[in-house]
1. Of the residues that make up the range 286-305, is at least one open to solvent by less than 20 Å² (accessible area, probe 1.4 Å), within 20 Å of Ala69 (Cβ to Cβ), more than 22 Å from the chain's Cα centre (by Cα) and touching a residue at least 12 places away in the same chain (Cβ under 8 Å)?
2. Quickly run through the range 310-358 and pick out the residues that are among the basic types (Lys, Arg) and in contact with a Lys or Arg (Cβ under 8 Å, 6 or more places away or on another chain).
3. Limited to the range 330-346, what total is found for residues that are at pLDDT 85 or above and within 22 Å of the chain's Cα centre (by Cα)?
4. Pick from Val351, Val328, Val321, Val316: which is of a type in the set (A, V, I, L, M), surrounded by 17 or more Cβ atoms within 10 Å (Cβ to Cβ), in contact (Cβ under 8 Å) with a residue 60 or more places away in the chain and more than 21 Å from Asn268 (Cα to Cα)?
5. Is it the case that the range 295-314 has a residue that's within 13 Å of Val263 (Cα to Cα), out of contact with any Pro (no Cβ under 9 Å at 6 or more places or on another chain) and of a type in the set (D, E, K, R)?
6. Report, ordered by the first and then the second residue, all pairs with beta carbons closer than 7 Å, sequence separation of six or more or different chains, a first member in the range 156-168 that is among the acidic types (Asp, Glu), and a second member that is surrounded by fewer than 24 Cβ atoms within 10 Å (Cβ to Cβ).
7. Residues in the range 331-340: is at least one open to solvent by less than 50 Å² (accessible area, probe 1.4 Å), outside any strand (DSSP E or B) and small (Gly, Ala, Ser)?
8. Condition (residue is without any contact (Cβ under 8 Å) to a residue 24 or more places away in the chain, part of a loop (DSSP other than H, G, I, E, B) and surrounded by fewer than 23 Cβ atoms within 10 Å (Cβ to Cβ)) applied to the range 191-200: is it met by at least one residue?
Amino acid sequence: MSRRVALTGVAVSAVVLAVTTPMMAGSAATVPPSAGGCSATAHIDSAWGSGPTGGEIVTVTVVNTSAKAAATWTVSWTLGSGQRIVSAWNATVSTSGSTATAVNAGYNGSLNPGASTTFGMQLAGTGPAPVLSCGNDAAPPASGSPSVTPPAGADVAVTAADNGTTITLFVGQTLGVALPADYRPPTVSGVALAQQSSTGGYPTGQPVSALYRAVAAGTSDLTSQTDNACHYTTPPCAAPVALWLVHVNVLSAPSGTGQTVTVTQTDNARTVALRVGDTLEVSLPSMYTPPTVAPSGPLVRSDLTGGYPTGQPLLVRYVAVAAGQADVSTISDGGCLHLPTPCPSPQVRWVVHVTVTA
């Protein structure tokens, strides 16, 4: 059983169309599969009027073109002169200057290879469907869409997709925050977290990358929101503001007073029963990536060594801190899978189902 404590994500952004000239409803622009493992198609469902006095209803289809499952996706494009987003659904729209960015909602980010999802919006102004840049966490974002990655070395990482979640850390662990460039640098309340570093965020034009350390048992809230230069013009624009909040519970370092249950490669798909205070030890070959587990669940990672691409055997330990259920999962990887022409070597998934009782 295995899974790395990784947080990914939170708030979401929606996609807008760049418009410059009138066009008929029903037209679409398709982006071919990208190096980012994601493709996006914008379809104009209906249009009225012309130019800035008109409007459009648009549906965007996002497809995971990677061979790996994705948990988050991001779409971006350049807005046309005078274009404005009136409303959006199944995603939250954000803009920075002339760049619009859409990030998945909490319920439509997970896409298996070849799977797709949609979101829609109403635009002020008419014009041709835009060329969209699309990326997901199965591969780096396509060129033209700035990469949003957690700070290196963080024990747990959260993104815009983790909006509204509760994270559990132990004293001494670190929390990385990665948000798109249109978000302000996060603020922290409470005494449980101390900021170690913070770069980017509105109005720098660079993605937010911040690192916090759990310094005391207790609770803290991390908050941020999107911003736009047009909010400060006269009159200000009506661009929507997306709020972002993550609750953090910090516990004293785990004592490991209970029993230790060890799972290996042969335990794939097994169900494991633990009690609060027990330790789950995951021991897998070096080809497996560090596992993932829900950050707000009953398991909290206490240490991690090895795994792909270190070349060392993977060893991860989790402490059961609350009653509940969680899946610890990972997948095999190899250098040849990341070549321009990937090798046909199949990836092997591994998962253990865990039930924790008080």
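1. no
2. Of everything in the range 310-358, just one residue is among the basic types (Lys, Arg) and in contact with a Lys or Arg (Cβ under 8 Å, 6 or more places away or on another chain), namely Arg317.
3. 4
4. Numbers: Val351 fails: more than 21 Å from Asn268 (Cα to Cα); Val328 fails: more than 21 Å from Asn268 (Cα to Cα); Val316 fails: more than 21 Å from Asn268 (Cα to Cα).
Val321 is the lone residue from the list that is of a type in the set (A, V, I, L, M), surrounded by 17 or more Cβ atoms within 10 Å (Cβ to Cβ), in contact (Cβ under 8 Å) with a residue 60 or more places away in the chain and more than 21 Å from Asn268 (Cα to Cα).
5. no
6. Correct list of pairs: Asp162/Thr8.
7. Among the residues of the range 331-340, at least one is open to solvent by less than 50 Å² (accessible area, probe 1.4 Å), outside any strand (DSSP E or B) and small (Gly, Ala, Ser), which makes the answer yes.
8. So far as the range 191-200 goes, yes, one or more of its residues are without any contact (Cβ under 8 Å) to a residue 24 or more places away in the chain, part of a loop (DSSP other than H, G, I, E, B) and surrounded by fewer than 23 Cβ atoms within 10 Å (Cβ to Cβ).
The values are calculated or read from the model by the stated rules, or taken from the named source; none is laboratory data. Remember, predicted model here, so these are calculated numbers, not experimental data. Here Cβ is always computed from backbone atoms with ideal geometry, including for glycine, and neighbour counts include all displayed protein chains. Protein only, heavy atoms only, side chains kept; ligands, DNA and RNA dropped before computing areas. Shrake-Rupley method; radii C 1.70, N 1.55, O 1.52, S 1.80 Å.
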